[in-house]
1. If you place +1 on the Cβ of every Lys and Arg, -1 on the Cβ of every Asp and Glu, and leave all else neutral, what size is the dipole of the stretch 140-275 about its Cα centre, to the nearest 20 Debye?
2. Please give the calculated 222 nm ellipticity per residue for the chain, where each DSSP H segment of at least 4 residues contributes -39500 (n - 2.57) and the sum is spread over every residue; nearest 500 deg cm²/dmol?
3. Run through the DSSP bridge list for the stretch 96-202 and note the antiparallel percent, rounded to the nearest 5.
4. Taking Cα centroids, how far is the stretch 136-163 from the stretch 213-239 in Å?
5. How many angstrom separate the Cα center of the stretch 84-134 from the Cα center of the stretch 14-71?
6. Arranged from highest to lowest average of other beta-carbon atoms within 10 Å per residue, in what order do the peptides 332-343, 170-181 appear?
7. Report for the chain the percent antiparallel among DSSP-assigned beta bridges with both residues inside it, nearest 5.
8. Given the pairs K97/K142; K70/K97; K44/K70; K25/K59, which are separated by over 23 angstrom at their Cα positions?
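What follows is calculated from the coordinates using simple rules that are stated; it is not laboratory data. Predicted model, so just to flag it, every value in this text is computed and none were measured. Cβ: placed from backbone, ideal geometry, glycine included. Neighbour counts: every protein chain shown.
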Amino acid sequence: MAGGVVGVDIGSAMLRAVEIDDASKARPTIIRAHEVPLPDGSVKRGEILEVHTVASAFKRLWAGGGFRSKDVALGIGGQSVIVRDLAVPRMPLAQIKESLPFQVQDLLPVPVNDAVLDYYPIGEGQNESGPVVNGLLVAAFKQAVTTNVTAATLAGLNPVSMDLLPFAMTRMHTTSSPTNGYAVHMNIGANATSIVIVQGGVPLFVRIVPAGGDDATRALMSRLSVPRERAESLKRELGLTTAGTTDEERIAAEVIHESTSELLTAVRNTLAYFAGVRTGVVFDHLSVAGGVTRMRGFASALAESTRISVVPVNPLAGVSVARTLRGKTGDEELQSLITSIGLAVGSAA
């Protein structure tokens with residue numbers, strides 16, 4: 001769609017938004033950006049639990065950020081979404097989408113009427129039944145989609161698109177570090193990590209791992225009986241590069257390594273599975289985004305675990321920043337806005 005739009009990332013703890021001037025431009029400009037905290041328990045693992053509370057947060061976000069557009073691009077991910085490989089008989093895309101409810105019930109853990117279905121074609125092939133289209137089935141729980149839309153509309157906003165969060169992120173990764181070969185796009189949220197494997201920028205495989213940056217924080221709070229603020233501080237200060245000097249720091253370092261190791265193992269196993277079912281897979285790089293990437297030693301540990309070159313994501317690779325924002329928005333804040341930018345830019349699709 002042409003005109004200004006606001007991409008909104010509904011996280012577990014924060015509501016983040018970016019307004020761009022025109023999503024249809026080849027290189028849109030970020031004209032406003034803002035974030036507000038969400039009350040504890042209002043959103044959990046990507047799903048809105050308290051819709052009126054989140055609607056109030058939307059209103060605070062608009063008031064604080066001075067957003068002009070009421071058109072919003074939303075996203076959905078985490079445990080509210082299922083992505084599966086699916087080959088279907090070759091036919092026009094519109095017919096494929098119409099036929100999905102009759103083809104995918106066995107692939108879903110919920111009744112097909114409780115899911116919103118979409119299909120992302122990748123290529124064509126041949127099987128014993130004849131020509132097929134190979135692609136990705138995307139199934140989102142209808143209740144999660146409805147609550148996201150309801151929270152925005154209760155705040156007087158107009159949802160214009162609903163994107164799969166891993167696809168919104170891949171949009172940013174591909175622009176930041178393009179390649180014709182295989183690449184891994186990884187986004188680490190508070191409670192879930194999305195892993196998208198692409199070839200030439202085209203998504204071939206999506207996995208959402210129920211582990212994220214908040215795992216280490218919660219483990220530290222439990223093991224050391226400390227408040228969240230202290231746990232976050234220890235995580236930042238120690239990271240994966242030191243064993244600590246005090247008893248508290250030594251225990252904290254052990255907890256951080258244990259929690260992070262589980263995530264690294266899940267990533268390594270995902271890449272091994274993909275390489276095992278395809279021939280000739282050599283990954284060009286792994287690009288990674290998310291707050292946990294600022295933890296000392298994480299990037300090098302990820303590179304060592306996967307044996308792939310790890311690169312950061314440049315949030316400004318495909319957009320410009322208005323003069324009024326320059327100098328006010330630092331690198332760390334821009335990194336936290338990557339998902340919002342991807343949602344806003346993708347609303348033109």
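1. Values: 11 positive and 12 negative charges, 90 e Å.
Using Cβ point charges on Lys, Arg, Asp and Glu, the stretch 140-275 gives about 440 debye.
2. Calculated mean residue ellipticity at 222 nm is -11500 deg cm²/dmol.
3. Antiparallel: roughly 100 percent of the beta bridges in the stretch 96-202.
4. Measuring centre to centre over Cα atoms gives 32 Å.
5. 33 Å
6. The most tightly packed comes first, giving 332-343, 170-181.
7. Looking only at bridges with both residues in the chain, the antiparallel portion is about 70 percent.
8. From the list (K97/K142; K70/K97; K44/K70; K25/K59), the Cα-Cα distance tops 23 Å for K70/K97; K44/K70; K25/K59.
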